[in-house]
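Engineer: The structure that follows is given in the form of structure tokens.
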Amino acid sequence: FLHNPATVQVGRRSNPAETVTQVAYEVPKHLKLSLLVALLNQPGMESVLVFSRTKHGADRIARKLESSGIKSATLHSNRTQNQRLRALAGFKAGEVRVLVATDIAARGIDVDGISHVINYDFPMTNEDYIHRIGRTGRANAVGDAFSFVCPDEHGDLRSLERFIGRGLPRRRLDGFDYSG
């Protein structure tokens, strides 16, 4: 249908915001929920956006957080529009400390003051990583991005590090039992 089509690409961003501190937590898959709860119980974890790869995973994470006494909500495509709006409003107002979202639902999130982004599931693509961590550190604000990396995701982490041109420091949470 087209004769001599042109492609215009605006604003492809291949580097994360400089104001975002990026850290990788190497953790076995079966300990991810326990590590998440332990991190969320650390001081300074005020407004946290957690990314899950799946809708069911997001629901499971939110249930675990609620049972641990951490107020949370989910944002994904299985939620009605009203449920999504309520979750986002509660998060923006500070009534909900943790919003668990999938990539699809999170594309339109524009919330000021997100202190931390946690990649519970490592992103499928490098661009998804850039987009996810861009939810914190907006408008030159300072933010932290933590990524959980399971042993089978080390190749994905190395690919990301090549993509952004630097390594992510590895961190371990003091007092957390990684052998469990």
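The values are calculated or read from the model by the stated rules, or taken from the named source; none is laboratory data. Keep in mind it's a predicted model, so treat the numbers as computed, not measured. Methodologically, a virtual Cβ is constructed for each residue, glycine included, from the backbone with ideal geometry; neighbour enumeration extends over all protein chains shown. Note: accessible area is taken over every heavy atom of the protein model, side chains too, but ligands, DNA and RNA are not part of it. Shrake-Rupley method; radii C 1.70, N 1.55, O 1.52, S 1.80 Å.
Engineer: Multiplying the sequence separation of Thr21 and His154 by 0.36 nm and subtracting their Cα-Cα distance, what value in nm do you get?
Structural biologist: Taking Thr21 through His154 to full extension adds about 45.9 nm, to one decimal.
Engineer: Under a point spin-label approximation (7 Å from Cα along Cα-to-Cβ), what is the Val37-Leu85 distance to one decimal in nm?
Structural biologist: 3.4 nm
Engineer: Size of the chain along its principal axes in angstrom, Cα-based, largest extent first?
Structural biologist: 60, 40, 31
Engineer: Roll a 1.4 Å probe over the protein chains and send me the accessible area per residue for the range 23-91 in Å².
Structural biologist: 47 Å²
Engineer: OK, next. Return the distance in nm (one decimal) between the two label points of a simple spin-label model at Asp110 and His30, each offset 7 Å from Cα along Cα→Cβ.
Structural biologist: Each label point is offset 7 Å from its Cα along the Cβ direction, giving 4.5 nm.
Engineer: May I pose another question? Using Cα-only point scatterers and the Debye equation, what is log10 of I(q)/I(0) for the range 1-100 at each q in 0.12, 0.14, 0.18, 0.23 Å⁻¹, rounded to two decimals?
Structural biologist: Values returned for q = 0.12, 0.14, 0.18, 0.23 Å⁻¹ are -0.53, -0.67, -0.96, -1.29.
Engineer: Hey, another quick one. Using helices alone, I'd like the mean residue ellipticity at 222 nm for the chain: each DSSP H run of four-plus residues gives -39500 (n - 2.57), total over residue count, nearest 500.
Structural biologist: Estimated from H runs of four or more residues: -9500 deg cm²/dmol.
Engineer: Highest mean first, how do 125-135, 28-38 rank when packing is the count of other Cβ atoms within 10 Å averaged over residues?
Structural biologist: 125-135, 28-38
Engineer: Where nothing but the Cβ of Lys and Arg (+1) and of Asp and Glu (-1) is charged, how large is the charge dipole of the chain around its Cα centre, in debye to the nearest 20?
Structural biologist: Computed charge dipole of the chain: roughly 320 debye.
Engineer: Moving to a separate point now. In the P(r) worked out for the range 51-117, what percent of Cα pairs fall beyond 17 Å?
Structural biologist: That tail contains 33 percent of the Cα-Cα pairs.
Engineer: Defining a contact as two alpha carbons under 8 Å apart and six or more residues distant in sequence, what relative contact order in percent does the range 58-130 show?
Structural biologist: Relative contact order of the range 58-130: 29 percent.
Engineer: Same structure again: Tally Lys/Arg at +1 and Asp/Glu at -1 over every other residue whose Cβ is under 14 Å from the Cβ of Pro43; what's the total?
Structural biologist: That works out to -2.
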